[in-house]
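Peer 1: This is the structure, below, for whatever I ask next.
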Amino acid sequence: MASFPDSQWFLTLGKLMHAEGELFRRLGYAETRFAVRVVPNNTGNGGDRIVGLVIDGYQLTEAKPIVDLNEYDPDFVICGKREIWDRMLGEIAEHGRPQLRHTLSSLALVGEELWLESTDQLREDKFYRFNQTLQELLNLAAKVPA
Amino acid sequence: MGSVHIKDEERVGSEAKYKLEPSVYLQKLYESGTPDLGWMNQMGEWGVRAKPGNLGLRLKDIEIGSYGVVPEHGGAHRSMAPRGAKIVEDLPSLGFTINEKAECWADNVSELYEEAVARQWSSARDIPWTELKPLPDDLERAMCQLCTFLTEVEFIAADAPTRWMGQMNHDFFEVKMFLATQAMDEARHMDVFRKRALANGGGLGKASYLSELSLKRIFDCPTFSAQTGRLQLLGEGFVLTMFRQGEFLAPSRVDQEIFRRCMQDESRHVGFGTMHLRTQLKANPAVAEQLHEQLDDAERILLETFSVPEAVEPMAILMGGGIDHFDKGMELQGQLWRRIVHEYLQRCDSAGLDRRPRCILPTDFNKMFEAAA
């Protein structure tokens, strides 16, 4: 069975996103190509895993492993250590959403546990423009074993 | 004639200033029964068949042929005749003063307009108000003061830019449409923060002289671009970070929902402003000095605004989780200050404005205290 951060795991989220169409239509459409980067807990050894994701409207249309981020050219990359992702997914599994200060936006604001990388602030700002869609997509992990 | 009953019909027109005189065309039509149809040969580009994409028929889908061309110079007729329509002679001018594309345009404006329309929300329906629970007095007072500040400043981003809307050449209608969504967003922000202040046992707090001064300076900007620099690059960029802080420091899911939704709206406004200034600076590099002068003053007032208790302390109390953790809250604010400055300068970079040498916002929060000592 696929587990986080396999591409297939994200594609399963995508299927749930499609099934939960009304929720996402109510939030409004999103259009962004971005990436999730999972950094091993003991840093410095490499071994990052990066998944490229595309949201087109109300659907996750792409999830694939990325080797060359420059070539993929995402709007932004959400980076975090494995333990931070695991904590978020654990909270989502338990409560349906992360704790108040453990949301994508909150963690990226402080920038220590989760941080954003982007070549252009204008493109990075899509993380904020579509933030609720991104968070609701991850919250669907409550229905998918990580 | 007709079955609709009109009250006191015999009195209609009995004191009219002008006498109704049927046009020559209507008389001819009545007599001959033959329509003119000459207008059928006076069309814009004909045979256009825009196709909807997966998200419906959006503005970008109708940017076809001549209809997709946004002119560098707005129509000389200065009227609201639709871009691409057959323009007749002697149209009454509406006296538009913003007639150059670079003066108002942003390449992402159509995208942002459609996105804004798609992502509208309702403060009455979409905020889970019934989940609001009583907070400790210090947290509620801090949240209410923050809401007072936001209620006070948010609508400037509707009032100020829409003053320019009526001066923009109608060939740049996409900009007007986007600004209309921005005005709607700001109405909702003013409404939601006022509601929040009044919904949980608190009330409105203290208004601010410095905030009002800051708003007045935005109001008084000499050009749309100068105002965009002041309002969207610095002001809304700063408020965007405040919304993100709000999402972070929210003591309840209700507050988190409010701030997150406002954050999404605000980032569209900042996105428009950044892209507009990029367009303007590329076409007219000399505008940079005007922008710098606005930002010199705006940064100074911003620093003054955030040097008074009612601005500093509510955030620290909320960040720390109560007065007892005030020091922790101040420490967190210091960390976030660097992010505010970083993102502001990044947006200036993205717009093509090298602000770093002239920026007076300290990158280190502690310098604000040292300077005062």
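Peer 1: Go through B:219, B:224 for me and flag whichever is more than 28 Å from residue A:101 (Cβ to Cβ) and open to solvent by 10 Å² or more (accessible area, probe 1.4 Å). Lay out the reasoning, then the answer.
Peer 2: Working: B:224 fails: open to solvent by 10 Å² or more (accessible area, probe 1.4 Å).
After applying the criteria, what remains is B:219.
Peer 1: How about the stretch A:56-109: which of its residues are of a type in the set (S, T, N, Q) and open to solvent by less than 70 Å² (accessible area, probe 1.4 Å)?
Peer 2: Scanning the stretch A:56-109 gives A:103, A:105, A:106.
Peer 1: I'd like the full set of residues that are without any contact (Cβ under 8 Å) to a residue 60 or more places away in the chain, within 10 Å of chain A (Cβ to nearest Cβ) and open to solvent by less than 70 Å² (accessible area, probe 1.4 Å), limited to the stretch B:310-360.
Peer 2: Scanning the stretch B:310-360 gives B:332, B:345, B:346, B:349.
Peer 1: Could you check residue B:307 against (1) closer than 20 Å to residue B:153 by Cβ; (2) open to solvent by 40 Å² or more (accessible area, probe 1.4 Å); (3) under 22 Å from the mean Cα position of the chain (by Cα) and say which number it fails?
Peer 2: Residue B:307 satisfies all of (1) closer than 20 Å to residue B:153 by Cβ; (2) open to solvent by 40 Å² or more (accessible area, probe 1.4 Å); (3) under 22 Å from the mean Cα position of the chain (by Cα) except (3).
Peer 1: A follow-up question, please. Just to check your reading of the model, which residue among B:139, B:198, B:204 is within 23 Å of residue B:318 (Cβ to Cβ), free of Cβ contacts under 8 Å to residues at least 24 places away in the same chain, touching a Leu at 6+ places or on another chain (Cβ under 8 Å) and open to solvent by 10 Å² or more (accessible area, probe 1.4 Å)?
Peer 2: The unique qualifying residue is B:198.
Peer 1: I'd like to check which helices (runs of 4 or more DSSP H) are fully inside the stretch B:197-291 and have at least 3 residues that are closer than 21 Å to residue B:112 by Cβ.
Peer 2: Helices (runs of 4 or more DSSP H) meeting the threshold: B:224-228, B:236-249, B:253-283.
Peer 1: Moving on to the next point. Output the residues belonging to the stretch B:268-280 that are in contact with a helix residue (DSSP H, G or I) (Cβ under 6 Å, 6 or more places away or on another chain) and either surrounded by fewer than 24 Cβ atoms within 10 Å (Cβ to Cβ) or closer than 14 Å to residue B:102 by Cβ (or both).
Peer 2: B:276, B:277, B:278, B:279, B:280
Peer 1: Moving on to the next point. When you look at residue B:8, is it out of contact with any His (no Cβ under 7 Å at 6 or more places or on another chain) and under 30 Å from residue A:61 (Cβ atoms), yes or no?
Peer 2: For residue B:8, the condition - out of contact with any His (no Cβ under 7 Å at 6 or more places or on another chain) and under 30 Å from residue A:61 (Cβ atoms) - is not met.
Peer 1: Same structure again: Can you pull out the strands (runs of 3 or more DSSP E) entirely within the stretch A:1-101 that have at least 2 residues that are charged (D, E, K, R) and out of contact with any helix residue (DSSP H, G or I) (no Cβ under 6 Å at 6 or more places or on another chain)?
Peer 2: Of the strands (runs of 3 or more DSSP E) lying wholly inside the stretch A:1-101, those with at least 2 residues that are charged (D, E, K, R) and out of contact with any helix residue (DSSP H, G or I) (no Cβ under 6 Å at 6 or more places or on another chain) span A:30-39, A:49-57.
Peer 1: Determine whether residue B:66 is assigned to a loop (DSSP other than H, G, I, E, B), polar (S, T, N, Q) and either farther than 13 Å from residue B:172 by Cβ or in contact with a Cys (Cβ under 8 Å, 6 or more places away or on another chain) (or both).
Peer 2: Details: assigned to a loop (DSSP other than H, G, I, E, B): no; polar (S, T, N, Q): yes; either farther than 13 Å from residue B:172 by Cβ or in contact with a Cys (Cβ under 8 Å, 6 or more places away or on another chain) (or both): yes.
No, not satisfied.
Peer 1: Right, something else. Quick check on my filter: what residues within the stretch A:111-129 are more than 7 Å from chain B (Cβ to nearest Cβ) and either among the polar types (S, T, N, Q) or crowded, with 16+ Cβ neighbours inside 10 Å (or both)?
Peer 2: Looking only at the stretch A:111-129, we keep the residues that are more than 7 Å from chain B (Cβ to nearest Cβ), and these are A:112-119, A:123-124, A:126-127.
Scanning the stretch A:111-129 gives A:113, A:114, A:115, A:116, A:118, A:119, A:123, A:124, A:126, A:127.
Peer 1: Within the stretch B:75-102, can you find the residues that are in contact with a Gly (Cβ under 9 Å, 6 or more places away or on another chain) and surrounded by 16 or more Cβ atoms within 10 Å (Cβ to Cβ)?
Peer 2: B:78, B:83, B:84, B:96, B:98, B:99, B:100, B:101 - these are the residues of the stretch B:75-102 that are in contact with a Gly (Cβ under 9 Å, 6 or more places away or on another chain) and surrounded by 16 or more Cβ atoms within 10 Å (Cβ to Cβ).
Peer 1: Being under 30 Å from residue B:39 (Cα atoms), open to solvent by 100 Å² or more (accessible area, probe 1.4 Å) and in a loop (DSSP other than H, G, I, E, B) is the filter; apply it to the stretch B:1-25 and report the residue that is modelled with the highest pLDDT.
Peer 2: Quick first cut of the stretch B:1-25, residues under 30 Å from residue B:39 (Cα atoms) only: B:1-2, B:18-25.
From what is left, the residues that are open to solvent by 100 Å² or more (accessible area, probe 1.4 Å) are B:1, B:18-21, B:24-25.
When the remaining residues are screened for being in a loop (DSSP other than H, G, I, E, B), the result is B:1, B:18-21.
Working: B:1: 59, B:18: 94, B:19: 91, B:20: 90, B:21: 90.
By that ranking, first place goes to B:18.
Peer 1: How many of the residues in the stretch A:130-146 are more than 8 Å from every other protein chain (Cβ to nearest Cβ) and over 19 Å from residue B:252 (Cβ atoms)?
Peer 2: Taking the stretch A:130-146 and keeping what is more than 8 Å from every other protein chain (Cβ to nearest Cβ), we get A:133-134, A:136-146.
Next cut, over 19 Å from residue B:252 (Cβ atoms) only: A:133-134, A:137-138, A:140-146.
Residues that pass the stated criteria total 11.
Peer 1: If you don't mind, another one. Please identify the pairs in which a residue from the stretch B:32-60 that is in contact (Cβ under 8 Å) with a residue 12 or more places away in the chain and closer than 15 Å to residue B:82 by Cβ has its Cβ atom under 8 Å from the Cβ atom of a residue that is open to solvent by less than 80 Å² (accessible area, probe 1.4 Å) and of a type in the set (Gly, Ala, Ser), counting only partners at least 6 apart or on another chain.
Peer 2: Short answer, once both residue conditions are applied: B:44/B:66; B:44/B:84; B:44/B:85; B:45/B:65; B:45/B:66; B:45/B:84; B:48/B:65; B:59/B:110.
Peer 1: Out of all the residues in the stretch B:103-135, which are within 12 Å of chain A (Cβ to nearest Cβ), open to solvent by less than 20 Å² (accessible area, probe 1.4 Å) and under 30 Å from residue B:73 (Cα atoms)?
Peer 2: Residues satisfying the conditions are B:106, B:108, B:112, B:115, B:116.
The values are calculated or read from the model by the stated rules, or taken from the named source; none is laboratory data. Computed from a predicted structure; not experimentally measured. Here Cβ is always computed from backbone atoms with ideal geometry, including for glycine, and neighbour counts include all displayed protein chains. Note: accessible area is taken over every heavy atom of the protein model, side chains too, but ligands, DNA and RNA are not part of it. Shrake-Rupley method; radii C 1.70, N 1.55, O 1.52, S 1.80 Å.
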